[in-house]
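Data block below; observations after.
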Amino acid sequence: MEQIQYNQLFNFIWNIANDVLVHAFVKGDYKKIILPMMVLRRFDILLEPKHEVILKQKEILDKIKIPVSSQEPALFQVSGYPFCNTSRFTMKILRAETNQTRLKQNFLEYLDGFSKDVQDIIDKFKFKQQVDNLSNTGRLGTIIEKFTDENINLGINPILNEDGSERLPGVENHTMGTLFEQLLRKFNEENSVTEAGEHFTPRDYVALLADIAVIPIADKLQSATYTIYDGACGTGGILSVAEKQIQNLAKDRGKQVKIHLFGQELQPETFATCKADLMLSSSAESFQYTHGDVTRERFFCGSTISNDGHPGMKFDFCISNPPFGTPWKEDLKAWGIDNDKTKITDRRFFQPQCDNNGQLVSFIPDVGDPQMLFLANNLSRMKYNTELGTRIVEVHNGSSLFTGNAGGGESNLRKYIIENDLLEAIITMPEKEFYNTGIGTYIWVVTNRKEPRRRGKVQLIDATGIKTPLRKNLGEKNCETNKDNRKEIMQLLQDFKETEKSKIFPNKEFGYYNVTVERPLRLVYENPDEIKLPILRRNEDIMLLNNVINAWKEYLGGHAVSDFALFFMLEQKKVKVPATKINLIRQHLGKRDENADVCHIKPTKLDSPLVADQYCPK
């Protein structure tokens, strides 16, 4: 399709909202109507030539009493697609209905006739609620007319003139996906840039992630099946672009590959958008798969953290831009353990092997930030029985580099990755690359199949200056990583040389110990007559302090003495001081003095450990 024709199609669909929905719907709801209608019209056109055949096949299956739940495979064979519609209607038939009540009834019957995966999209979009609103405002017939207008073609085949010349070009799957995503992006930008940022990894950034994942191993691609997984798939942009990248690189090398996409998304509407986009743009023949004799969905709606939609699955590529800085307390509730993360048992979030003491090593981070959980999830998906293994490309903010003390979940995860030589590179990206945040991001490249020259080493790439300014900001986004920028970054990655922008370090440079540097407590005891004892809850504590003061005056003359001297006197004079009350005496009778002798845990045992200066005596 030529660019001018693409622009005409885009503008026609975009203007449907302004022509039909204006004044009847708030702008934020436009996409909830236009996007599902666009998807349904695409399916409608694809299925229309086989409509009567599908109905006859459905009739046969009903007669031989095949359960409705088991009919879809046979119907898909007839339709030629991983979806079908068994209702009496097509959109062209519906267009002819002028009675608003019957139109609504027939349209709902039409929606109910779609197969399970399309029903899933309809439900997640809550589109039937919008049908009620369209009918109540008298817009349902109009919007059907617009989407069946003879001046647009959402089908895969061109529309021809009587003489056989092309009147309207067909829209192939990838272009359909691009059209869908561009409309979604524009709807979000018109309504709220922040919302766009929540949904989107910018397309230029997505293209870089796909390049990093695939280009370094492109020459190793075989005529085979490859799997791509995104555990935070949003609207599916990463998956569709990565799929296209693998297909193009394989084609260039004379290979025929088959790609299976897998994803998980928490937000229902975003999930519906993702599934719709991939049904439009992907070459997938089915949206279900079987693993361990269990049939599951390739795209799963739910929390990746607490509700794993792909248990036990391993993938060739794991590419994600997970959420950062958002609490995951709701996942603890979903597990039924409230706020006690120590009760988590999901093995995805633990080191595969126990430590030397036979204990599990936790990768679980602080509940305020889930991004390291997504990285641990991807690590659990790695293949170890293939030539390519698994390549993980994941976007993080700066906190993943340093948060967590030694022995904590975040540190344990970093330690595991580095000690097992899985970290290939970290690429520092420019600030203001995303719609709703100006923070800089870091791309982690993790693989269990490092090239020999990379083994035992980590490459750090500074790409903060490799960017192209935008002519107009999109929210916080003021720059992009265009094709030339991507080539420059990929050149740095593939050259694997020390330059001003590329540094290479041995793995051991990234290890560290958590050493607490504590100042020893130094006390002096002086001027007992000036000490004012506080009001204490326990009478025995007040009595002990008074006994110590009296002994101090009687046996040491009330002079200034060290911690050792005071407690040695008390020991010699048989003034009983329980070990649990030593700090009571120090807190209320001692004074900090940098020139005084240090205090020991056992005051009169100078070979016992020192006391850290953790409180301020009066």
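The values are calculated or read from the model by the stated rules, or taken from the named source; none is laboratory data. All of these numbers come straight from a predicted model, not from anything done at the bench. Here the Cβ positions follow ideal geometry from the backbone for every residue, glycine too, while neighbour counts run over all protein chains shown. When the accessible area is computed, the model is the full protein with side chains, heavy atoms only, and any ligands, DNA or RNA have been set aside. Shrake-Rupley method; radii C 1.70, N 1.55, O 1.52, S 1.80 Å.
Checking every residue in segment 434-454 against the condition of being modelled with pLDDT of 95 or more and on the phi > 0 side of the Ramachandran plot gives zero matches.
When residues in segment 28-58 are screened for being surrounded by 14 or more Cβ atoms within 10 Å (Cβ to Cβ) and within 14 Å of Leu184 (Cα to Cα), 11 of them pass. Only one of the listed residues (Ile466, Ile426, Ile439, Ile364) is without any contact (Cβ under 8 Å) to a residue 40 or more places away in the chain and part of a loop (DSSP other than H, G, I, E, B). That residue is Ile466.
Return the residue satisfying two criteria in turn: it lies in segment 204-228 and is open to solvent by 10 Å² or more (accessible area, probe 1.4 Å) and touching a helix residue (DSSP H, G or I) at 6+ places or on another chain (Cβ under 7 Å), and of such residues it is modelled with the lowest pLDDT.
Checking each candidate, the answer is Ala207.
When you look at Lys314, is it at pLDDT 95 or above, open to solvent by 70 Å² or more (accessible area, probe 1.4 Å), on the phi < 0 side of the Ramachandran plot and not hydrophobic (A, V, I, L, M, F, W, C), yes or no? Against the criterion (at pLDDT 95 or above, open to solvent by 70 Å² or more (accessible area, probe 1.4 Å), on the phi < 0 side of the Ramachandran plot and not hydrophobic (A, V, I, L, M, F, W, C)), Lys314 qualifies. Residue-level analysis places Arg454 outside the set of residues that are under 28 Å from Glu189 (Cα atoms) and not hydrophobic (A, V, I, L, M, F, W, C).
Here Phe25 clears all of (1) surrounded by fewer than 21 Cβ atoms within 10 Å (Cβ to Cβ); (2) in a helix (DSSP H, G or I) except the condition numbered (2). In segment 288-297, which residue that is out of contact with any helix residue (DSSP H, G or I) (no Cβ under 9 Å at 6 or more places or on another chain) and surrounded by 14 or more Cβ atoms within 10 Å (Cβ to Cβ) is nearest to Arg391 (Cα to Cα)? By that ranking, first place goes to Tyr289.
Answer yes or no as to whether Asn378 is surrounded by 19 or more Cβ atoms within 10 Å (Cβ to Cβ) and closer than 24 Å to Lys450 by Cβ. Here the answer is yes, as Asn378 does meet what is asked. Could you check segment 230-251 and list, in sequence order, the residues that are acidic (Asp, Glu) and in contact with an Asp or Glu (Cβ under 9 Å, 6 or more places away or on another chain)? Within segment 230-251, Asp230 is the sole residue that qualifies. Go through the residues of segment 325-341 one by one and say whether even a single one is β-branched (Val, Ile, Thr) and buried (at least 19 other Cβ atoms within 10 Å of the Cβ). The answer is no, given that none of the residues of segment 325-341 is β-branched (Val, Ile, Thr) and buried (at least 19 other Cβ atoms within 10 Å of the Cβ). Six or more apart or on different chains, Cβ atoms under 9 Å: show the pairs whose first residue is in segment 203-231 and without any contact (Cβ under 8 Å) to a residue 40 or more places away in the chain and whose second is assigned to a helix (DSSP H, G or I) and acidic (Asp, Glu). The qualifying pairs are Arg203/Glu181; Ala218/Asp252. Return the residues of segment 566-618 that are without any contact (Cβ under 8 Å) to a residue 40 or more places away in the chain and part of a helix (DSSP H, G or I); say none if nothing qualifies. Residues satisfying the conditions are Phe567, Phe568, Met569, Leu570, Glu571, Gln572, Ala579, Thr580, Ile582, Asn583, Gln587. Under the condition of being assigned to a loop (DSSP other than H, G, I, E, B) and either closer than 29 Å to Leu47 by Cα or at pLDDT 75 or above (or both), the residues counted in segment 157-202 number 13. The set of residues in segment 1-22 that are touching a residue at least 60 places away in the same chain (Cβ under 8 Å) and open to solvent by 60 Å² or more (accessible area, probe 1.4 Å) comprises Met1, Glu2, Asp19. May I ask you to verify whether Pro36 is part of a helix (DSSP H, G or I) and within 35 Å of the chain's Cα centre (by Cα)? Spelling it out, Pro36 is indeed part of a helix (DSSP H, G or I) and within 35 Å of the chain's Cα centre (by Cα). Within segment 77-101, the set of residues being hydrophobic (A, V, I, L, M, F, W, C) and in contact (Cβ under 8 Å) with a residue 40 or more places away in the chain comprises Phe83, Met91, Leu94.
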